[in-house]
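Worksheet: one structure, shown below.
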Amino acid sequence: EVVLCRTGGDELRRRDRGRRPGGPRRRHPAEAALPRGRHRPLRLRPREGSRSAHVLSGNVFEPRALDELIPKWRQEDAPIRVPVSSDKFWMLTKNKAWTLPSPFDNKGNYVISLSQLVRWMSVKAEELGVEVYPGFAASEILYDENQIVAGVATNDVGIAKDGSKRETFQPGVELRGRITLLAEGCRGSLSENIITNHKLRESGQGQHQTYALGIKEVWEIEEGKHKPGSVVHTVGWPLDMKTYGGSFLYHLDDRQLAIGLVVALNYRNPFLSPYDEFQKFKQHPAIRTLLEGGTVLQYGARTLNEGGFQSIPNPVFPGGAIIGCSAGFLNVPKIKGSHTAMKSGMLAAEATFKALVEGSSMDLYWENLKKSWIWDELYRARNYRPAFEYGFIPGMALSAVERYIFKGKSPFTLKHGKPDHEATEMANLHLPISYPKPDGQVSFDVPSSLYRSNTNHEHDQPPHLRLRDPAVPESVNLPQYAGPESRYCPARVYEYVSDENGDPKLHINAQNCLHCKACDIKDPKQNIEWTVPEGGGGPGYTVM
């Protein structure tokens, strides 16, 4: 979605081919050359498409930031109705579930659907005069003549696969403003571009970001098994002792259950398939019993930031700032980032107001961020995730020391290991993993799950998943890593098929894409570039 807050200096312009009077639109020198545009004032019309259709999260919601933003939300019919009623932590072996002391403190929190909350908040925003345009994807950063960010541009629509213009062609739109705030979620395309070009990671906390892939289903289960507000987290089986991750089961209202598996993307074995690990997880006796007799309502997947405090970039760039999960404010041991993302947006909004009205610098956002409870919270949580670089058992032990002895105030700060794509080891160091076939009752094949995601892309459009070097899949990924892209993707976008000569060739099913960003992160040679597809293409979540 594109969101525009009018400030008096904002404008929307249609991008036409050719040059506009007064010279070409400016780009950052680090960007590749893109088609130039001339501009005419334009009234942007919302396209068809569901608000929050791409929003996916657990979600046990901590209302701290919402209490500050909308103090009376409890009286305004917000979709936050199920308080946490119990909080359990299990250690799973193949056939047993062992109860451990819960490291979570979810008293006062709520089990929610984040996509429903975002839809509710978008209505609140519009009541204040904010314009929301679902179905438009921001695809390009705009710069002025001084290399200051001046806004974003949406992509052209109605372009065929061969690059020709279809009858439905419409040129993209430039949205220009005095301040641009980027809130694209985890691994946002434009945000990553800005972070790299302006070296924001280096001027922030300095360490690279590390990620995990979350795979989730929402079920409707039998009445007798439903316990509204019940929260369960697990560690252990089916993941191996060197792979960080865990699962969640959250009981919502209306007999709905959110169930998911989170797998850290720094796993080593190229034969590991997060999707199949999730299907395997649901066969555990303690989990299968809960799901039997139920119905899957929706399926989805999304990556999440796990770098925490060490990986926070300086979020301010000339002309704007980065907020939310694009900057990586997730609290890993809490498995929560919605409250910190919301608070970062509030701090950025306050800094923006002062910049527009008083002429102050957006650096105020960075300064206030470091004085806020976000900074304190992430600092206390900083050593939990890197502790597991040493394996599951050492990670659990170090986490216990950090929580119960140092209480987040240890005198040292652990560093992350290799970037996720570098952590993947050669295939000859591992044995292939044999996963059980789905039974169609609690475990499912990928096509069945994709149907439940409501994902959809216009078929006749340029692919939004691009290879920087088309030869790498067959020359590197397949012979050295056994084609890991065919397994780390939870939508089977990538598959190796035989060409006319019988040789394996990578085929990209871009229409299956769930926009999880795993390929952009995990590809061993960083050869896959994720870009925005046409318009509002992608998943269509309603209860995720």
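The values are calculated or read from the model by the stated rules, or taken from the named source; none is laboratory data. Predicted, not measured: the structure shown is a model, and the values here were computed from it. All Cβ positions, glycine included, derive from the backbone under ideal geometry; neighbour counts span all protein chains shown. For accessibility, only protein heavy atoms count, side chains too; no ligands or nucleic acids. Shrake-Rupley method; radii C 1.70, N 1.55, O 1.52, S 1.80 Å.
Test of understanding: what is the full-extension gain from A286 to K199, defined as 0.36 nm times their sequence separation minus their Cα-Cα distance?
Contour length minus the Cα-Cα distance gives 26.6 nm.
For the stretch 208-225, in order, what is each residue's ³J(HN,Hα) by Karplus, 6.51 cos²θ - 1.76 cosθ + 1.60 with θ = phi - 60°, in whole Hz (x at glycine and Pro)?
Working through the residues one at a time gives 5, 7, 10, 10, 9, 10, x, 10, 9, 10, 10, 10, 10, 9, 5, 4, x, 9 Hz.
I'd like the Kirkwood hydrodynamic radius of the stretch 106-145, using the inverse of the mean 1/r over distinct C-alpha pairs, in Å.
13.3 Å
Counting Lys and Arg as +1 and Asp and Glu as -1, what is the net charge of the other residues whose Cβ lies under 14 Å from the Cβ of R187?
Net charge in that neighbourhood comes out at -3.
For the stretch 432-480, take N as its residue count and report Rg(C-alpha) divided by 2.2 N^0.38 Å.
For the stretch 432-480, the normalised Cα radius of gyration comes out at 1.69.
Where only protein heavy atoms count, and the probe is 1.4 Å, what is the accessible area per residue for the chain in Å²?
That works out to 44 Å² per residue.
Which order do the peptides 168-176, 184-192 take when ranked by the mean count of other beta-carbon atoms within 10 Å per residue, highest first?
Ranked by mean Cβ neighbours within 10 Å, highest first: 184-192, 168-176.
So I have (i) 1.26; (ii) 1.09; (iii) 0.96, and one of them is Cα Rg over 2.2 N^0.38 Å calculated from this model. Which one is it?
Among (i) 1.26; (ii) 1.09; (iii) 0.96, the one calculated here is (iii).
Please state the charge dipole magnitude for the stretch 303-393, taken about the Cα centre, from unit charges on C-beta atoms (+1 on K and R, -1 on D and E), reported in debye and rounded to the nearest 20.
In total the dipole reaches around 240 debye.
Which of H464, P490, W530 sits farthest toward the positive end of the charge dipole of the stretch 421-530, with +1 on the Cβ of Lys and Arg and -1 on the Cβ of Asp and Glu?
Of the candidates, P490 comes out farthest on the positive side.
Out of the total accessible area of the chain (probe 1.4 Å, heavy atoms of protein only), what percent is carbon and sulfur?
52 percent
Which of rounded, prolate or oblate describes the stretch 235-324 when judged by the alpha-carbon gyration tensor and an a/c cut-off of 1.5?
Note, shape of the stretch 235-324 comes out oblate.
Given a Förster distance of 25 Å, report the FRET efficiency between E422 and M91 from their Cβ-Cβ distance, rounded to the nearest 0.05.
With a Förster radius of 25 Å, E is 0.25.
Taking the mean number of other Cβ atoms within 10 Å as a proxy for protection, how do you rank 284-295, 264-275, 520-531 from highest to lowest?
Sorting 284-295, 264-275, 520-531 by mean packing, highest first, produces 264-275, 520-531, 284-295.
Bins of 5 Å, beginning at zero and ending with the bin holding the largest distance: percent of Cα pairs per bin for the stretch 421-530, please.
Percent of pairs per bin, in order: 2, 11, 19, 22, 20, 15, 8, 2, 0.
Highest mean first, how do 320-326, 57-63 rank when packing is the count of other Cβ atoms within 10 Å averaged over residues?
The most tightly packed comes first, giving 320-326, 57-63.
Beyond 26 Å, what share of the Cα-Cα pairs of the stretch 339-472 remains, rounded to the nearest whole percent?
The calculated P(r) of the stretch 339-472 puts 64 percent of pairs beyond 26 Å.
Over the Cα atoms of the stretch 349-405, compute the convex hull volume and normalise it per residue, giving Å³.
Roughly 83 Å³ of hull volume per residue.
Could you please report the charge total around Q310, scoring K, R as +1 and D, E as -1 over all other residues with beta-carbon less than 10 angstrom from its beta-carbon?
That works out to +3.
Give me the orientation-averaged projected area of the Cα convex hull of the stretch 454-510, in nm², one decimal.
Projected area, direction-averaged: 4.8 nm².
Considering only protein heavy atoms, with the full assembly of protein chains and a 1.4 angstrom probe, order M342, M396, M241 by accessible area, largest first.
Output order, biggest surface exposure first: M241, M396, M342.
Work out how much length R466 to F169 would gain on full extension: take 0.36 nm times their residue separation and subtract the Cα-Cα distance, in nm to one decimal.
Between R466 and F169, full extension yields 104.8 nm more.
Compute the distribution of all C-alpha to C-alpha distances in the stretch 261-367, in bins of 10 Å from 0, and list the percent of pairs in each, rounded to whole numbers.
With a bin width of 10 Å, the distribution comes to 12, 30, 25, 17, 11, 4, 0.
Given +1 on the Cβ of Lys and Arg, -1 on the Cβ of Asp and Glu, and no further charges, what dipole in debye does the stretch 60-420 carry about its Cα centre, rounded to the nearest 20?
That gives a dipole near 1360 debye.
With each label point set 7 Å from Cα along the Cα-Cβ vector, what nm distance links A397 and L356?
5.5 nm
How big is the shadow of the Cα convex hull of the stretch 181-266, averaged over all directions, in nm²?
Computed as one quarter of the Cα hull surface, the answer is 8.3 nm².
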